[in-house]
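The values are calculated or read from the model by the stated rules, or taken from the named source; none is laboratory data. Predicted, not measured: the structure shown is a model, and the values here were computed from it. So basically every Cβ, Gly included, is an ideal-geometry build from the backbone, and we count neighbours across all protein chains shown. Heads up: the accessible areas ignore ligands, DNA and RNA and are worked out on the full protein's heavy atoms, side chains in. Shrake-Rupley method; radii C 1.70, N 1.55, O 1.52, S 1.80 Å.
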Amino acid sequence: MENVEVKALRTLIERFLNERLQTKIEKLQPDDPKRDELQQHHLRENWVADAARRVGQLQIVTHSLKPVHPDAKGTNLYRPPHKIPDHPEIGSHLLGNDFDEDVVGNAAALDVYKFLKLEHEGRTLLSRALEGNEELAVAFSDDQDQGREWMRAFAAIARPRDTEASHTLAKQVFWLVGEDPTRNQDYHLLAPLYATSLAHRVYQTINEHRFSDEAKAARKARRERAYSDRGYHEYPRLAVQKLGGTKPQNISQLNSERRGQNYLLASLPPNWISRDVRPPLHVESVFPRLFGRRRGARDTSRELQRFLATDPPANADTRHKRDQYLETLIDELLLFASELHSLDPGWSASPECRLNRAETLWLDPWRGEIDEDFAQWRASDEWVEEVSHRFGNWVNAQLDRQLPVGDPEHRHWMDSLREVLSHA
């Protein structure tokens, strides 16, 4: 005797089949003999028997090979995110229990997966099949043994196929794990797969950030300089990779739902845009005006001054923080020098250049390729000492307005830059 659960499941299944049947027969003439054939095929037990046979053409996955190459025949993997080890990088393990499974295989059999995704009381037919739910077996067939057999066939969709293997059309990476790169045994063969469940979550999230009503309202508020209690996201230089061409269903079910669209975030190195760099003419030193007026140098020297003005205790923490400010100043100085290095060599030979020789040797390094005397002067490295001395003078001058700095401080600033320039 059927119980309430079985009746509900049968109703769910027969509604699904009836909708599919109506979609097909409405395209046929009333006297078309195919109508009877379709009606017979969509009887519950007939259709479920056929679906249980065709489900072998499908596999549930979280990591798919098809996006790598649509004709590759290697292994696809189903790894629920909560079973993947944690690691600090972004990956499928972050999806937790809330993730979308994907399906690969014969696109003509994807209707079977839609059938298995039917839900009753929050549980899909697939989850019931995986649990060996007896009510589902009875819902499938009056012959309970037959129902169990079909249920086992459906549950097999989540099991791995055969042994793990790569394919000639798949990407493969030989990764050295041993000590001897000439030994085949010292390599592991890696076969990268496409994290299709993660890609689907990324697609959904970016679409929410780009096209949701809330995101549109927040952007509108920004354009109109109005208040909004919600921020919004921007994805500059976002690329779309189309997989599957005109038949995205040949790649996977989720790819079909995305109409073949897969987002690629920009992962390019910074695009260096130089400011209008001009040679430092008409000055004897770059430190007081040209370098000292740079925002990074000015702000950092002020922060260093404010910190030391608090009279911090003479301990390791104070020394560490002081040296962090100093490293920032030196980084800014190296950036300043690198900008001048991009000028055409020989600019310091101009009659308008009044820089002292040490700074000329430091800031016009490639002039030595066209000026032999200049090359010899630069090779002596005496300019490193002089430039470091001038840097020490400049730092002391920034602090001297409020702090009693002298030779010990000058020596520390000077030694720090000398150490860097000596290895530059």
Inset, instruction - Report, by residue number, each residue of the stretch 159-207 that is loosely packed, with under 13 Cβ neighbours inside 10 Å and acidic (D, E). - result: D162, E164, E179, D180
Legend entry - Every pair of residues 6+ apart whose Cβ atoms lie under 8 Å, when the first sits in the stretch 173-184 and is over 24 Å from V68 (Cβ atoms) while the second is open to solvent by less than 100 Å² (accessible area, probe 1.4 Å) and part of a strand (DSSP E or B): G178/Y187
Legend entry - When residues of the stretch 72-95 are limited to those that are closer than 24 Å to K114 by Cα and touching a residue at least 60 places away in the same chain (Cβ under 8 Å), the one surrounded by the fewest Cβ atoms within 10 Å (Cβ to Cβ): K73
Inset, instruction - Could you look through the stretch 142-151, keep only residues that are farther than 18 Å from L110 by Cα and not acidic (D, E), and pick out the one that is surrounded by the most Cβ atoms within 10 Å (Cβ to Cβ)? - result: G147
Legend entry - Unmet requirement for S141, which otherwise passes all of (1) among the polar types (S, T, N, Q); (2) touching a residue at least 60 places away in the same chain (Cβ under 8 Å); (3) under 26 Å from T75 (Cβ atoms): (3)
Legend entry - Scope the stretch 359-417; condition open to solvent by less than 80 Å² (accessible area, probe 1.4 Å) and touching a Pro at 6+ places or on another chain (Cβ under 9 Å); matching residues: E359, L363, D364, P365, R367, G368, D371, R378, W394, A397
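Can you name every residue in the stretch 249-264 that is closer than 14 Å to K66 by Cβ, without any contact (Cβ under 8 Å) to a residue 60 or more places away in the chain and touching a strand residue (DSSP E or B) at 6+ places or on another chain (Cβ under 8 Å)?
Correct list: G260 only.
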Legend entry - Selection status of R222, at pLDDT below 90 and either assigned to a loop (DSSP other than H, G, I, E, B) or exposed (fewer than 10 other Cβ atoms within 10 Å of the Cβ) (or both): no
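What number of residues within the stretch 401-424 are over 20 Å from L333 (Cα atoms) and not small (G, A, S)? Steps first, answer last, please.
Here is the first cut: in the stretch 401-424, the ones over 20 Å from L333 (Cα atoms) are 401-408.
Keeping just the survivors that are not small (G, A, S) gives 401-405, 407-408.
Summing the residues that are over 20 Å from L333 (Cα atoms) and not small (G, A, S) in the stretch 401-424 gives 7.
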Legend entry - Residue match in the stretch 109-129 (condition: out of contact with any Phe, Trp or Tyr (no Cβ under 6 Å at 6 or more places or on another chain), of a type in the set (A, V, I, L, M), open to solvent by 30 Å² or more (accessible area, probe 1.4 Å) and assigned to a helix (DSSP H, G or I)): no
Legend entry - Whichever residue in the stretch 227-262 is open to solvent by 70 Å² or more (accessible area, probe 1.4 Å) and charged (D, E, K, R) and, among such residues, is nearest to S338 (Cα to Cα): R237
Inset, instruction - Could you please find all residues in the stretch 152-176 being closer than 17 Å to V104 by Cα and part of a helix (DSSP H, G or I)? - result: A153, F154, A155, A156, I157, A158
Inset, instruction - Among the numbered conditions (1) within 21 Å of Q253 (Cα to Cα); (2) modelled with pLDDT of 90 or more, tell me where G147 comes up short. - result: (1)
Inset, instruction - Tally the residues that are β-branched (V, I, T), closer than 17 Å to H42 by Cβ and open to solvent by 60 Å² or more (accessible area, probe 1.4 Å), restricting the search to the stretch 1-26. - result: 2
Legend entry - Selected residue (criterion: farthest from S141 (Cα to Cα)) from residues of the stretch 2-48 that are touching a residue at least 24 places away in the same chain (Cβ under 8 Å) and polar (S, T, N, Q): N18
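Here's the yes/no breakdown for (1) at pLDDT below 90; (2) among the β-branched types (V, I, T); (3) under 33 Å from the mean Cα position of the chain (by Cα):
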site: V277; (1), (2), (3): yes, yes, no
site: R302; (1), (2), (3): no, no, no
site: Q305; (1), (2), (3): no, no, no
site: I330; (1), (2), (3): no, yes, yes
site: F336; (1), (2), (3): no, no, yes
Inset, instruction - Evaluate the following for L340: is it at pLDDT 90 or above and touching a Gly at 6+ places or on another chain (Cβ under 8 Å)? - result: no
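Are any residues in the stretch 313-358 open to solvent by 80 Å² or more (accessible area, probe 1.4 Å) and within 20 Å of W377 (Cα to Cα), and if so, which ones? Walk me through it before giving the result.
Of the stretch 313-358, the ones open to solvent by 80 Å² or more (accessible area, probe 1.4 Å) are 313-314, 317, 319-321, 324, 327, 331, 344, 351-352, 354, 357.
Answer for the stretch 313-358, where residues must be open to solvent by 80 Å² or more (accessible area, probe 1.4 Å) and within 20 Å of W377 (Cα to Cα): D344, P351, R354, R357.
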Legend entry - Odd one out for L265, checked against (1) open to solvent by less than 60 Å² (accessible area, probe 1.4 Å); (2) more than 30 Å from A337 (Cβ to Cβ); (3) touching a Leu at 6+ places or on another chain (Cβ under 8 Å); (4) of a type in the set (A, V, I, L, M): (1)
Inset, instruction - Name the residue, out of W383, W366, W394, W347, that is in contact (Cβ under 8 Å) with a residue 40 or more places away in the chain and under 19 Å from P279 (Cα atoms). - result: W347
